[in-house]
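Asks: Got a structure for you, written out below as structure tokens; questions coming shortly.
The values are calculated or read from the model by the stated rules, or taken from the named source; none is laboratory data. Fair warning: this is a prediction, and the values are worked out from it, not measured in the lab. Note that each Cβ is placed from the backbone with ideal geometry, even for glycine, and that neighbours are counted across all protein chains shown. Surface areas here come from the heavy atoms of the whole protein model, side chains and all, with no ligands, DNA or RNA. Shrake-Rupley method; radii C 1.70, N 1.55, O 1.52, S 1.80 Å.
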Amino acid sequence: MTIKLGIVGVGKIARDQHLPVIAANPAFDLVAAASRSGQPVDGVPTVPDIDTMMTDHPEVVAVTICTPPQDRHVIVRDALNRGLHVMLEKPPGSSLSEVADLPGLAAAKNVALFATYHSRFAPAVAPAKAWLADRKITAVRVRWLENVRQWHPGQDWVFQPGGLGVFDPGINAMSSLTEILPHPPFITSAELSFPANRDAPIAATLAMTDIAGTPIAVTLDWRQTGEQIWEIAVDTDAGPLVLSGGGTTLEAGGAKTEAHDPHGEYAGLYRRFAELVPARRIDFDTAPITLLADAFMLGKRTTIDAFDW
Ligand code: NAP
């Protein structure tokens, strides 16, 4: 039986990924979209909010939340309290306490809850994890360098409190890192660069380690023009492993594999959600957002030049 789905928040990621991927997955039937500003979606009606969605389309049993992290908690609680299965865009929220609140509510309502991390579904992530599983790791370097003007054009929420700044893509790095490393990493110090006119960092460097004492250096920067770099480089006793292209390319043991599918990560997310819904299961890892929170807790802050779009 198809899952009657609603989507909440019709912005860049909903249009770039969710709508085409839902349309291509026969497990889902998109019934309605919620947009405060009435953004049109081909083939389905737009409603202002979940309340109207459930009044007009009571057949909806699951929703995907694609709004920014601020205000996300109220929307998710509302959906769970209505007995809807919920899939969340990353990050799962804008604070640890509101995120911690959600799995218990989903369990109490006996519905599925899926905190997605699309980067974990990149094709080279699972092979990288398998290759590293029985290697001795001696050092890790993460570079996540992208152009905020290209990926978040004019989205002021990313620089507002709770928008996370460069940690919005940084959570992709953290989700891949925590997935592939055999030991959980933790942050020992951080330096955060805040534009003078913004409330969230545009760049960050993190010093991290793990229980084995592995040095892990992370550079996140949203001012990158030219080549966009999403790379995790790992030194091991069996030579280097490099996971690049955000998880599409793997170089390890003298071999290189590349796989580019523009909708592959999100297709994987929806296949997973289609498994979770009938089983009423919760997939809700908080490790990536915990690392971001630690970066804010430990971070030395520097004010730099103002940023304008
Ligand atoms: P966006 O383009 O700004 O779209 C978000 C939509 O949410 C808006 O169009 C807005 O539509 C709605 N909305 C509801 N409450 C809102 C609020 N309080 N403030 C602002 N908008 C609100 O953002 P996006 O890039 O799609 O990102 C949405 C989520 O996806 C974020 O968590 C982001 O981290 C994640 N994501 C984004 C990308 C990317 O490349 N951009 C990639 C992966 C994941 P209405 O005003 O019509 O309601």
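Asks: Please list the radius of gyration and Dmax for region 40-190, considering alpha-carbon atoms only, with Å as the unit.
Replies: Both quantities, over Cα of region 40-190: 18.1, 57 Å.
Asks: List every residue whose amide H lies under 5 Å from the amide H of Leu30, counting only residues 5 or more places away in sequence or on a different chain, with H placed 1.01 Å from N in the peptide plane.
Replies: Leu5
Asks: Counting Lys and Arg as +1 and Asp and Glu as -1, each charge on the Cβ, what is the dipole of region 62-163 about the Cα centre in debye, to the nearest 20? Working shown, then result.
Replies: Working: 12 positive and 8 negative charges, 98 e Å.
It works out to roughly 480 debye.
Asks: Where does each of 254-261, 141-148 land if you order them by average Cβ count within 10 Å, highest first? Mind showing how you got there, number by number?
Replies: Values: 254-261: 10.6, 141-148: 20.2.
The peptides rank, most packed first, as 141-148, 254-261.
Asks: Now for a different question. Using a 1.4 angstrom probe on heavy atoms only, work out the carbon and sulfur share of the accessible area of the chain in %. Please list the in-between numbers first.
Replies: Numbers: 6990 of 13240 Å².
Its accessible area is 53 percent carbon and sulfur atoms.
Asks: What are the principal axis extents of the Cα atoms in region 159-256, in Å, biggest first?
Replies: 46, 33, 16
Asks: Same structure, new question: Where is the GNM fluctuation largest for the chain (alpha-carbon springs, 10 angstrom cutoff): Asp294, Asp221, Asp134?
Replies: Sorting by GNM fluctuation, first place goes to Asp134.
Asks: Along each of its three principal axes, how wide is the spread of alpha-carbon positions in region 192-309, in whole angstrom units, largest first?
Replies: 46, 41, 36
Asks: Turning to a different aspect of this structure: Just want to confirm a number: the relative contact order over the chain, from Cα pairs under 8 angstrom separated by 6+ residues, in percent. Working shown, then result.
Replies: Values: 651 pairs, mean separation 62.1, N = 309.
Relative contact order here is 20 percent.
Asks: Work out Dmax and Rg for region 26-82 from the C-alpha atoms and quote the Rg first, both in angstrom.
Replies: 11.2, 31
Asks: Return the subset of Lys109/Lys129; Lys90/Lys300; Lys4/Lys109; Lys256/Lys300; Lys136/Lys256 for which the Cα-Cα distance in this structure is over 30 Å, preserving the input order.
Replies: Working: Lys109/Lys129 34 Å; Lys90/Lys300 25 Å; Lys4/Lys109 18 Å; Lys256/Lys300 38 Å; Lys136/Lys256 20 Å.
From Lys109/Lys129; Lys90/Lys300; Lys4/Lys109; Lys256/Lys300; Lys136/Lys256, over 30 Å: Lys109/Lys129; Lys256/Lys300.
Asks: Something else: Rolling a 1.4 angstrom probe over the protein heavy atoms, how many square angstrom per residue are accessible across the chain?
Replies: Heavy-atom accessible area per residue stands at 43 Å².
Asks: Still on this structure, please answer the following. To the nearest 20 debye, what charge dipole does the chain have about its Cα centre, counting +1 at the Cβ of each Lys and Arg and -1 at the Cβ of each Asp and Glu?
Replies: Values: 25 positive and 35 negative charges, 69 e Å.
Here the chain has a charge dipole of around 320 debye.
Asks: Over all directions, what mean area does the Cα convex hull of region 105-188 project, stated in square nanometres?
Replies: Details: hull surface 34.2 nm².
About 8.6 nm², averaged over all directions.
Asks: Out of Phe114, Trp157, Asn81, whose Cα points farthest toward the positive end of the dipole of region 68-204 (charges: +1 Lys, Arg; -1 Asp, Glu; placed on Cβ)?
Replies: Of the options given, the answer is Phe114.
Asks: Got a sec? What order do Leu276, Leu96 fall in by accessible area at 1.4 Å, biggest, i.e. largest, first?
Replies: Values: Leu276 0, Leu96 70 Å².
Output order, biggest surface exposure first: Leu96, Leu276.
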